[in-house]
Structures are given as structure tokens and as C-alpha cells.
1. How large is the accessible surface per residue of the chain, computed with a 1.4 Å probe and reported in Å² as a whole number?
2. Report the local net charge at D83: Lys and Arg +1, Asp and Glu -1, summed over other residues whose C-beta lies under 13 Å from its C-beta.
3. How big is region 1-76 by the Kirkwood estimate over distinct Cα pairs, in Å?
4. For n ≥ 4 DSSP H runs only, could you compute -39500 (n - 2.57) per run for the chain, divide by its residues and tell me the 222 nm figure to the nearest 500?
5. In degrees, nearest 10, range 0 to 90: what is the angle between the Cα axis of helix 72-81 and the longest Cα principal axis of the chain?
6. Please check which bits of region 1-21 a label hung off E48 would reach, taking the label as a point 7 Å along Cα-to-C-beta and the cut-off as backbone N under 20 Å.
Amino acid sequence: MSKVALVPKFEIKPGRMDEFMAIILEQAKNSLEKEPGCLHFDVLRRDEEPGKVLLYEIYTDEAAVKAHREYPHYLEFRKAIADLIAGSVVELWTLDND
């Protein structure tokens, strides 16, 4: 099985970035500590797009991504950010350099 990268991109509502960052950094920590299938979790921002946040997450396989979306901390995270984001796009990529 190939490792997979989950790449969500969030557009954060104006004035809500600090709230979002506190929540997403806790989510990254929880995913790495509580999910055996989560191998890597980066939270990225760019000066050119101050209202956007990109996540780069690596999982052992697609089953680990599915499990990720069922953990209680993930479900709580989704509820917590619902009013903070204006939109999101999620892509799933296969890693070829395993």
C-alpha cells in the first residue's frame, strides 16, 4: 500500500485567524499523538494569502485517512471551525517516493 497525503486548504473568515490557528495546531498535535496512521502534519501559511491555511498531512494509507475522519478529536475540530471558515477544498494525493 502507498502512503497518502491529505492536503486541505482553508479560507478563514476575516478576523478569525487567531482562533482558527489555535484550533488547528491542537488538531495537528492530536492527530500525531492519537492516530497511529498519521505520520506527518504540517500547518502552512503564506504572506501573499493571509486568509488561507494549507495543511499537509501524511498517512500510512487511505484506510488511515478514513479512520482520521472518524476520531472524536477530528469530529470536534470540524464543529469548532465551522463558523471560522469561509470555505475549504481537500485533495488526496498518493506518494510515489515511498
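The values are calculated or read from the model by the stated rules, or taken from the named source; none is laboratory data. All figures in this text were calculated on a predicted structure; none of them were measured in a lab. Quick reminder, even Gly has a Cβ in these numbers, built from the backbone with ideal geometry, and neighbours come from all protein chains shown. Side chains are part of the model used for accessible areas, which takes the heavy atoms of the whole protein and leaves out ligands, DNA and RNA. Shrake-Rupley method; radii C 1.70, N 1.55, O 1.52, S 1.80 Å.
1. On the way: 6100 Å² over 98 residues.
Using a 1.4 Å probe on heavy atoms only, each residue of the chain averages 62 Å².
2. On the way: positive: K13, R16, R78, K79; negative: E19.
Residues near D83 contribute +3 overall.
3. On the way: mean 1/r = 0.0770 Å⁻¹.
Result for region 1-76 stands at 13.0 Å.
4. Details: 3 runs with 35 residues, N = 98.
About -11000 deg cm²/dmol.
5. That helix lies at roughly 30 degrees to the long axis.
6. It comes to 7-12, nothing else.
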